[in-house]
Every structure is written in C-alpha cells, then in structure tokens.
Amino acid sequence: MYLISLVSGAAVQLATPFPFLHGTLAVPLGAPLVVVAIALFAYSVATFRAAGTPVPARKPTTMIVRTGPYRFSRNPIYLAFSLFLLGIAIRVNSVWLLATLVGAMALMQYFAIRREEEYLERRFAAQYVDYKASVRRWL
C-alpha cells in the first residue's frame, strides 16, 4: 500500500505539481525524516530477527516482541514506512504525496493492522492484550 501511495502520489505530482512548503525548507526537513525512517526500519527488523520471529507478516508469529522499538510502538515497521513517505513528501514538496500517505495509513489500519491485531489476540490471548494496553500503536 505504501508503494502504491508513493507511485500514485509521485505521478500526480509530476502531472500537477502542488507544493506546500517554501522551497528552502524541503530538503532540511524531509531528508532527516527519511534517514530516521530507514534507521527505525532496520532497528525493527533486527529486533524481530534477534527475537527469532519472522518479519514477513504472512509467516506465523512466534512471540510478542517487547524490546527495541516495540517498547514504544506496536507497529514500528509501519511507522517507519509512514515516516519514509512523509520525508519524501516533504523533500519533494508534494501535497499529493501527503494525501496518498494519509490514504495509505488509513488502508493499512483497516486492512493490515486490524487483521494482525485480531490474529495476535487469538494466538497470544492475554499476553497480547496486555502488550496492546501498555504500548501505543504508532507512537
């Protein structure tokens, strides 16, 4: 969904540019977000691997990971994707990319996160409910 958001937002931006920032602000605001997003993604994946649970959502989860970035966010990988797209939207100064990011986040919430949380509640019961009550979804 994030890739579709990026491609469709970029296509609309190329066809009909719609900036929202003064040009001199785009790079210093957008580039650091992209770097933070990449670091968060790498840290999240490394934490999953260190815990011995698979990263792809299509494989069975072996445990609830509560270390690393998962202490602060239940979905740090999705957060990283969102920050990455936000950083790109700011860097290229595109309202269209911001709009498609909002759409991607809504679709992720409805189609991916909701299903993942239902699966984790069935698989880990009280352990996941406790984790869900103590850690925010995004930040």
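What follows is calculated from the coordinates using simple rules that are stated; it is not laboratory data. In this text the structure is predicted, and so the values were computed from the model without any measurement. Cβ atoms come from the backbone with ideal geometry, glycine included; neighbour counts cover every protein chain shown.
Couple of notes before you dig in:
- At least 24 Å along the helix axis (C-alpha) and Kyte average at least 0.0, DSSP helices within the chain: 23-51
- Under a model in which nothing but the beta-carbon of Lys, Arg (+1) and Asp, Glu (-1) is charged, the stretch 1-115 shows a dipole of about 520 debye around its Cα centre.
- Under the Debye formula (equal points on every Cα, no solvent term), log10 I(q)/I(0) of the stretch 60-139 at q = 0.12, 0.19, 0.25 Å⁻¹: -0.40, -0.84, -1.19
- Residue-averaged [θ]222 nm for the chain, counting only DSSP H segments that reach four residues, each worth -39500 (n - 2.57): -22000 deg cm²/dmol
- Each 5 Å bin from zero holds the following percent of Cα-Cα pairs in the stretch 40-99: 4, 19, 23, 19, 12, 10, 8, 4, 0.
- Residue separation of residue 16 and residue 115 scaled by 0.36 nm, minus their Cα-Cα distance, works out to 32.1 nm of gained length.
- Within the chain, the proportion of Cα pairs with more than 23 Å between them is 39 percent.
- Ranking 76, 105, 127 by how far each Cα lies toward the positive end of the dipole of the stretch 55-139 (charges on Cβ) leaves 127 at the top.
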